[in-house]
Structures are given as structure tokens and as C-alpha cells.
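A short worksheet on the structure shown next.
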Amino acid sequence: MDKHAVKLAPSILAADFARLGEQVVAAEQAGADRIHVDIMDGHFVPNISMGVPIVQSLRRVTRLPLELHLMISDPDFFLEPFTEAGSDVFLVHWEGNNHLHRTVHRVKALGKRVGVAINPATPVGVLEEILPDVDQVLVMTVNPGFGHQPFLHTTLPKIRRVHQMIAQSKPGCDLEVDGGIDAATAPLVVTAGANVLVAGSSIFNASEGVAAAIKQLQATITAQGSRAPYWRGWPQP
Ligand code: DX5
Ligand code: ZN
């Protein structure tokens, strides 16, 4: 993989919501590339997280791209409100969506980047027909719904297979991983081919603080190659 383009996407699910703005600013100043926002409805996953007002507030405090990981049963209902709130990217799940192609193209019609997410037990073959239409693939490295879960090492061969698929049919498509990413697992997923790493608790729950945690993750990544600057080819919010 191109180790020169690994990006970090801090997941605010693990942030201290009483200090959310401050922590997101710290992440941006420390060199985060995008902010990952986990939207959960208590139905698609057994947890409830946040909605439109949080995205509006985030938009006021950062210029980083806001990527929304939609873990909700009816993503199409919420694409426009989240777009108006200031989101830049939508990550939608293959699971439970009978009309994924329609959802993907609704996001594109709104002028936003779109990615498809797959759960640990979902085979990579489901991506084959939709891959030409997306900007990102998100391989879940835990079962979605909660932060601070242990990384599932069985997903590593799967990341390699998605990397090969992207190289063959959609060069330039981001390969993102989400769940259990820390200084120990980041090198494994980068070696497997991931170029965007979501990290929640290893950044926002780090005893040394947000900035130091990001620097440590970056150091782990750059030990394998040098990082590219963020915003490559992205529209400014
Ligand atoms: C889980 C979420 C993740 C979560 C990752 O459903 O999609 O983004 O915040 O948290 P950590 O990095 O703590 O595993
Ligand atoms: Zn997520």
C-alpha cells in the first residue's frame, strides 16, 4: 500500500462531551485529518449516541472534514439534515440496506463524499458492484455499536483483500478501518493496506491527553513511511 498517505480520523464517541469543542480543537491542532462522528439510533446497533445538533456544533469549532458513520436503520431519512448541519462525508452500512445503490447516489447528489461500511462477518464480495461508485470503504474491525472494544485480528486478511480489490478496480478509494485502533494495532492495519485509521478511546481516553495520543499514533504510522498532508483533493467546508 501507499504508506505515504495514512490519515487519522479521531472518533468523538470516546470524547468528554462536556469538553467536546475543546477536545476537537486539540485534535485538529495535533494534526488529525478528519473528525469521525458515530451516529447510532438504538435500532441498527444496540446503543444511542448523537444527532444533528452535535454536528452543527462541531461545524462551528473545526474546519476539518466531518465524516458521519451512520449506524442507523434508515440512513436516507437523515442525509439532508446532516448535510445542512455541515457534514462532509457519509459512511453507510451495507448491512440492512436493501437499496444501497440508491443511498450512495443520494449522498453523491448532495455533493458529499460517500463510503460503504461492512461489519466483521460480512464478506468483501458484497463491495464488488458498489465499489466503482464510492470514495471510501470502511472495514469494521470491531462489531459496531460501542467504543473501546478489542481489535478483531481476524479482520486483517479481509483488509488485505479489500486493498487488492481497490487496487484493481478503484485506485484512489480510501480504505478505512474502525475499532480497536491504537499504537499496537495501527501498524498491523497499515501493513494490511488501510490508509485511514479511526481511533476513539486511544485518543480521547489517553491519560497523556489528546494531542500527545495523536502524536504517538502518528509516530507509529510514520515509522512505516511518511504521511501526506491532509485535504488532498477535498472541498473546503
Ligand atoms: C464503533 C464505532 C467506532 C468507535 C471506535 O461502533 O464505529 O468509531 O468509536 O472506538 P475505539 O477506537 O475506542 O474502538
Ligand atoms: Zn465509527
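List of remarks:
- A full extension of the chain between residue 98 and residue 110 corresponds to an added length of 2.3 nm, given 0.36 nm per residue minus the alpha carbon distance.
- Accessible area per residue, Å², region 2-122 with all protein chains present, probe 1.4 Å: 41
- Base-10 log of normalised Debye intensity for the chain (one unit scatterer per alpha-carbon) at q = 0.15, 0.17 Å⁻¹: -0.98, -1.32
- Helical contribution to [θ] at 222 nm, DSSP H n ≥ 4, -39,500 (n - 2.57), averaged over the chain, rounded to 500: -9000 deg cm²/dmol
- Rounded, prolate or oblate (a/c below 1.5 giving rounded, otherwise prolate when a/b exceeds b/c) for region 1-60 by Cα gyration tensor: oblate
- Rounded to the nearest 10 square angstrom, residue 33 shows an accessible area of 10 square angstrom against a 1.4 Å probe.
- Cα-based shape type of region 92-191, given that a ≥ b ≥ c are square roots of the gyration tensor eigenvalues and the cut on a/c is 1.5: prolate
- For the chain, lysine pairs with C-alpha atoms less than 20 angstrom apart, excluding pairs fewer than eight positions apart on the same chain, total 10.
- With every protein chain in place, region 89-237: carbon and sulfur % of accessible area (1.4 Å): 53
- Summed over the residues of region 132-210 and divided among them, the accessible surface reaches 39 Å² per residue at a probe radius of 1.4 Å.
- Most mobile listed residue (113, 102, 160) in the chain, GNM with C-alpha springs under 10 Å: 102
The values are calculated or read from the model by the stated rules, or taken from the named source; none is laboratory data. Everything numeric here is computed off the predicted structure, so don't read it as measured data. Areas reflect the complete protein model, heavy atoms only, side chains present, ligands, DNA and RNA absent. Shrake-Rupley method; radii C 1.70, N 1.55, O 1.52, S 1.80 Å.
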